[in-house]
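Asks: Got a structure for you, questions after.
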């Protein structure tokens with residue numbers, strides 16, 4: 001799983017009316033304290049004793065390293081020097097030569113070092129991998145002790161010399177992709193796996209950084225018959241297995257072979273983030289979690305130590321690491337009137353009473369370890385749609401907790417509805433009791449999906465690219481028209497480049513299951529409609545904006561605004577820019593408009609809550625965060641770690657407006 005980017009927004013100046021007395025905000029608590037990108041790193045200390053380290057990621061306090069006591073399970077935790085900047089540890093590797101642990105952090109792209117022999121040094125920040133890196137994809141080591149790091153977004157390759165502390169930056173290996181995963185062979189050979197637009201493998205000259213291709217290029221990532229597996233074998237040579245053949249790599253040459261040995265234990269292959277099993281330590285011990293998913297997300301604490309000697313009984317440990325908190329990603333009202341939602345890496349279902357008297361982590365709800373993007377109620381059940389894979393989950397608050405995939409499980413992961421949908425931006429229910437999901441496509445792809453699912457029958461149908469190169473980013477059922485209003489973004493799969501600049505609106509007939517109309521209502525410089533809220537007279541307020549994820553995919557920056565539209569007449573009523581001093585908007589902009597008391601529409605940016613004067617697009621500030629937004633050049637603009645920014649806009653219940661800033665669930669009392 002790759003890390004999703006944080007989206008922020010650009011703003012322009014406009015006079016704003018201040019309320020006389022600002023309302024109050026209360027902190028309800030931190031619903032989730034899990035971890036992500038968990039990796040076990042076996043090894044030994046200088047005196048030959050077995051050593052086990054774990055890297056774990058979180059938003060509050062940043063990533064940390066746990067030195068695990070193999071007798072008691074006690075974790076001595078070491079933290080990064082810059083917890084707001086270095087939140088995640090997507091690329092990590094423990095040297096086979098020295099036992100030193102290396103980590104390339106997100107979202108700052110820094111290389112870090114931890115030596116279990118010298119814990120007093122703590123986690124050392126060695127500096128930025130290259131000028132554009134925001135996180136590492138993979139780390140490997142050549143026999144000469146050089147550390148190699150592949151990084152996003154430029155598919156860059158960097159060499160670090162542990163002896164001198166010098167970086168040699170070779171830059172982007174290709175100019176048409178963003179992800180790069182290096183693997184070294186025991187003979188010093190080096191190769192990289194490149195994703196996601198045109199997955200392929202290239203051989204690297206370790207002295208010059210020059211590269212040359214080997215093997216096929218995957219032309220269709222959705223075609224499961226096409227594959228690439230680059231790894232170090234048990235004979236220490238590099239191998240590339242593919243749908244077009246298998247090669248043994250030696251330097252800058254490759255020889256076709258009929259069969260390859262299995263991957264070498266203790267080395268990460270490019271097709272998985274974990275080390276290859278078994279993870280050996282001195283004394284014949286191997287270690288693995290029994291309660292962690294394949295992506296290392298959740299709250300893994302149960303560790304089993306197994307010895308190669310069958311006469312030695314396994315040892316079960318309960319780890320005592322302490323989490324600080326994970327950013328929330330979606331907040332909604334469940335069928336019982338309580339608050340429910342998801343955290344971000346790990347994807348944990350949480351529940352809270354509106355008054356904050358109960359706040360609890362209900363645990364795993366989906367195989368998708370990232371985060372839920374959207375949720376909706378139907379027939380007394382809560383449905384959530386999650387990244388990656390747009391997995392659909394159903395949860396009944398009246399039944400006991402027992403996660404799984406069977407009909408009796410609760411919450412139950414219903415799985416993917418197709419092999420393209422990946423980031424489920426929107427989820428609604430229609431009167432015929434079907435669910436409708438709008439999703440961005442998988443990595444490297446263009447053209448998102450509109451999918452319907454019938455919970456009663458299990459049937460579903462996917463419609464891709466309602467308009468060429470667009471993604472449904474917002475959905476709203478219109479009872480008067482018996483149609484679905486669709487906001488079409490130009491969002492592409494992560495790593496791909498946008499192929500159009502203008503978003504659009506569409507009307508979809510759910511009964512006929514077809515597109516009725518599409519257009520931009522004459523709006524110039526049309527960005528992406530990401531939030532809809534209906535009014536009592538059939539009109540709809542729209543938030544139109546563009547975030548950094550889309551900008552990083554090559555889209556031009558367009559200033560955000562509020563629009564009032566008439567879907568029945570397919571007409572724009574009013575439109576206005578939002579003020580610059582409102583600060584950056586919520587991280588993705590979805591669900592940022594909500595109906596409050598008296599039918600007044602409220603909205604939120606990253607640093608303030610506002611309301612809209614009925615029938616107009618005039619906005620009035622209701623509450624302003626005390627903390628100013630960070631400067632644009634600050635790396636936290638690209639992170640989910642800005643603890644003072646409104647990351648998620650939740651529901652309004654009565655006069656209580658719920659939202660989150662980072663990992664904190666908060667509520668604003670409206671006047």
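None of the figures in this text is laboratory data; all of them are computed from the coordinates on show. Just so you know, these numbers come straight off a predicted model, no measurement behind them. Positions of Cβ are backbone-derived with ideal geometry, glycine not excepted, and every protein chain shown enters the neighbour counts.
Asks: For an R0 of 30 angstrom, estimate the FRET efficiency from the Cβ-Cβ distance between residue 244 and residue 96 and round to the nearest 0.05.
Replies: 0.45
Asks: Another question, if that's okay. Relative to the present Cα-Cα distance, how much length would full extension add between residue 574 and residue 271 at 0.36 nm per residue of separation?
Replies: Here the segment from residue 574 to residue 271 would lengthen by 104.1 nm.
Asks: For segment 314-460, I need the span (max minus min coordinate) of the C-alpha atoms along each principal axis, in Å, sorted largest to smallest.
Replies: 45, 37, 31
Asks: Return an integer: the convex hull volume of the alpha-carbon atoms of segment 35-172, in Å³ per residue.
Replies: 99 Å³
Asks: Still on this structure, please answer the following. Averaging sequence separations of C-alpha pairs under 8 Å and six or more residues apart, then dividing by the length of the chain, give the relative contact order as a whole percent.
Replies: Over the chain, the number comes to 13 percent.
Asks: Using a 7 Å offset from Cα along Cα-Cβ at residue 377, what residues in segment 334-361 end up with backbone N under 17 Å from the label point?
Replies: 334-342, 350-356
Asks: Give me D for segment 131-274 in µm² s⁻¹, whole number, from Stokes-Einstein with Rh from the Kirkwood sum over alpha-carbon pairs, 20 °C and 1.002 mPa s.
Replies: 142 µm²/s
Asks: Provide the FRET efficiency to the nearest 0.05 for the residue 235-residue 316 pair, computing r from the beta carbons and using R0 = 41 Å.
Replies: Efficiency computed from Cβ-Cβ geometry: 0.75.
Asks: Follow-up. Give, in whole angstrom and from largest to smallest, the semi-axes √(5λ) of the equivalent ellipsoid of segment 254-344, with λ running over the eigenvalues of the Cα gyration tensor.
Replies: Equivalent ellipsoid of segment 254-344: 36, 23, 11 Å, largest first.
Asks: Here is a follow-up. Of 329, 112, 402, how do they rank once you tally other Cβ atoms within 10 Å and put the fewest first?
Replies: 402, 112, 329
Asks: What relative contact order, as a whole-number percentage, does segment 527-623 give when Cα pairs under 8 Å and 6 or more residues apart are counted?
Replies: Once normalised by length, the contact order is 22 percent.
Asks: Additional query: Averaged over every viewing direction, what's the projected area of the C-alpha convex hull for segment 37-117? Give it in nm², one decimal, please.
Replies: 5.0 nm²
Asks: Another one. What residues from segment 94-113 fall in the zone where the backbone N is under 18 Å from a label point 7 Å along the Cα-to-C-beta line of residue 76?
Replies: 99-102, 113
Asks: Still on this model: Order by neighbour count: 33, 364, fewest other Cβ atoms within 10 Å first, most last.
Replies: Ranked by crowding around the Cβ, least crowded first: 33, 364.
Asks: A further question follows. At 0.36 nm per residue, minus the direct Cα-Cα distance, what do residue 618 and residue 456 gain on full extension? Give it in nm, one decimal, please.
Replies: 54.0 nm
Asks: Right, here's the next one. Using a Förster distance of 41 angstrom, determine the FRET efficiency expected from the C-beta separation of residue 309 and residue 500, and round it to 0.05.
Replies: Step by step, r from the Cβ atoms, then E = 0.05.
Asks: Provide the gained length on full extension for the span residue 520 to residue 336, in nm with one decimal, where the gain is 0.36 nm per separating residue minus the Cα-Cα distance.
Replies: Difference between extended and current length: 62.4 nm.
Asks: Quick one: grab the alpha carbon gyration tensor of segment 230-276, order the square roots of its eigenvalues as a ≥ b ≥ c, and give me rounded if a/c is under 1.5, else prolate or oblate depending on whether a/b is larger than b/c.
Replies: Verdict is prolate for segment 230-276.
Asks: Something else about it: Would you mind computing, in nm to one decimal, how far apart the modelled labels at residue 212 and residue 481 are, each placed 7 Å from Cα along Cα→Cβ?
Replies: Label at residue 212, label at residue 481, 5.9 nm between them.
Asks: Label residue 121 and residue 223 with points 7 Å out from Cα along Cα→Cβ: what is the distance between them in nm?
Replies: Computed distance between label sites residue 121 and residue 223 equals 4.8 nm.
Asks: Given the -39500 (n - 2.57) contribution per DSSP H run of 4+ residues, what per-residue ellipticity at 222 nm results for the chain, rounded to the nearest 500 deg cm²/dmol?
Replies: 0 deg cm²/dmol
Asks: Rank these for me by crowding, 571, 229, 84, going from fewest to most other beta carbons within 10 Å.
Replies: By the 10 Å Cβ count, ascending: 571, 229, 84.
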